[in-house]
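What follows is one structure encoded as structure tokens, with my remarks underneath.
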Amino acid sequence: MDPFFEQIREAHTAIRPQVAVTPLEPSPVLSKLLGCDVSLKLDFQQPTGSFKIRGATNKVRTLDDEARRRGVLTASTGNHGMAVARAGALAGVPVTVYVGNDALKMKVDGIKARGAEIVVIDGPAGDAELAARRAGEEQGRTYISPYNDPAVMAGQGTIGIELAEQDPDLDAVFIAVGAGGLMGGAGIALHTLRPGIEVVGVWPEASPCMLRALEAGEIVPTQEFPTLSDGTLGAIEPGSITFPACQKAIDTRIVVDEAEIAAAMKRIAETERWMIEGAAGVAFAGLIQQAQKYRGRKVAVVLCGRNIALDLFLRTIG
């Protein structure tokens, strides 16, 4: 058994009821279309519209009294910031979120609405992260990484326990990969509880940072481009705990392009009547691309978030 699994199992109990156990919903229509038994893990139904609430809630619950009093900082393009803001509000912990000047207004408004203070940096998301870390050191406040933190990755991993409990007969699970917090945690949980299950990592072609690291055997600089999957954007910091976790967790690697992501988002809207964000579309696009290989098998797709601006969603599916 992977020793990290014990942290995931502890989080699985400890984050309730602040974090929902989301449904794993069979889709008869998609199953018929794709020729495999398809279920969708509806993590976009979390209170902040994203799986990020899992890791943020688990991290905040582990803080000692002094850290809670001082408050926490983070940097985020949206989903992680909303998650930390909500976890802090429920625990009575002050939260400050640093954002780049290119952050989507919809997501910044969502962070503010949950009670966090916003600091806008004159630069991109990477500059916001550096500024938040510096502020944390200067102020003696805890910086909460979106991925490179054992408590955060353990919280994200609880989705793997839920999947294993909800359908013990799953053959494969498709998960979008960004910096690896969700994939690392969920993959470890799935392999521990269901040996032999196939964990499939899916990347947007425009942002393959973890994929290039896995190919190289080390974290390497990787150029990124704009993508519908903004939730998976961002370089992996040197020494991140998610890299060795993903090395162990991912069995199959798939890359999808922007047209495939858009088509996947549209297909979910047409068949299930759900509006999902690009990162969720990435995971489903991976299944669509490789569906022939999974004919007759039971597969699950993690729909990890719904936080996309309405006008962008309409342009995407149009």
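The values are calculated or read from the model by the stated rules, or taken from the named source; none is laboratory data. Predicted, not measured: the structure shown is a model, and the values here were computed from it. Here the Cβ is made from the backbone with ideal geometry for all residues, glycine too, and neighbour counts use every protein chain on show.
For region 176-208, give me each residue that is surrounded by 24 or more Cβ atoms within 10 Å (Cβ to Cβ) and assigned to a helix (DSSP H, G or I).
Scanning region 176-208 gives Gly181, Leu182, Met183, Gly184, Gly185, Ala186, Gly187, Ile188, Ala189, Leu190.
Given (1) surrounded by fewer than 22 Cβ atoms within 10 Å (Cβ to Cβ); (2) within 30 Å of Ser31 (Cβ to Cβ), where does Gly123 come up short, assuming only one miss?
Failing condition for Gly123: (2).
Which of the residues belonging to region 260-296 are of a type outside the set (A, V, I, L, M, F, W, C), outside any helix (DSSP H, G or I) and in contact with a Leu (Cβ under 9 Å, 6 or more places away or on another chain)?
Listed by number, the residues that qualify are Glu277, Arg295.
Taking only region 214-230 into account, find how many residues are assigned to a helix (DSSP H, G or I), under 18 Å from the mean Cα position of the chain (by Cα) and free of Cβ contacts under 8 Å to residues at least 60 places away in the same chain.
Counting residues in region 214-230 that are assigned to a helix (DSSP H, G or I), under 18 Å from the mean Cα position of the chain (by Cα) and free of Cβ contacts under 8 Å to residues at least 60 places away in the same chain gives 0.
Determine whether Arg306 is at negative phi, under 21 Å from the mean Cα position of the chain (by Cα) and not polar (S, T, N, Q).
Considered against the rule, which asks whether it is at negative phi, under 21 Å from the mean Cα position of the chain (by Cα) and not polar (S, T, N, Q), Arg306 comes out as yes.
Which one of Ala285, Ala300, Ala279 is over 16 Å from Val38 (Cβ atoms), in contact (Cβ under 8 Å) with a residue 12 or more places away in the chain and not assigned by TED's automatic domain parsing to the domain that holds Gly78?
Only one candidate qualifies: Ala279.
Considering only region 27-71, how many residues are of a type outside the set (D, E, K, R), farther than 12 Å from Thr142 by Cα, in contact (Cβ under 8 Å) with a residue 60 or more places away in the chain and buried (at least 18 other Cβ atoms within 10 Å of the Cβ)?
16
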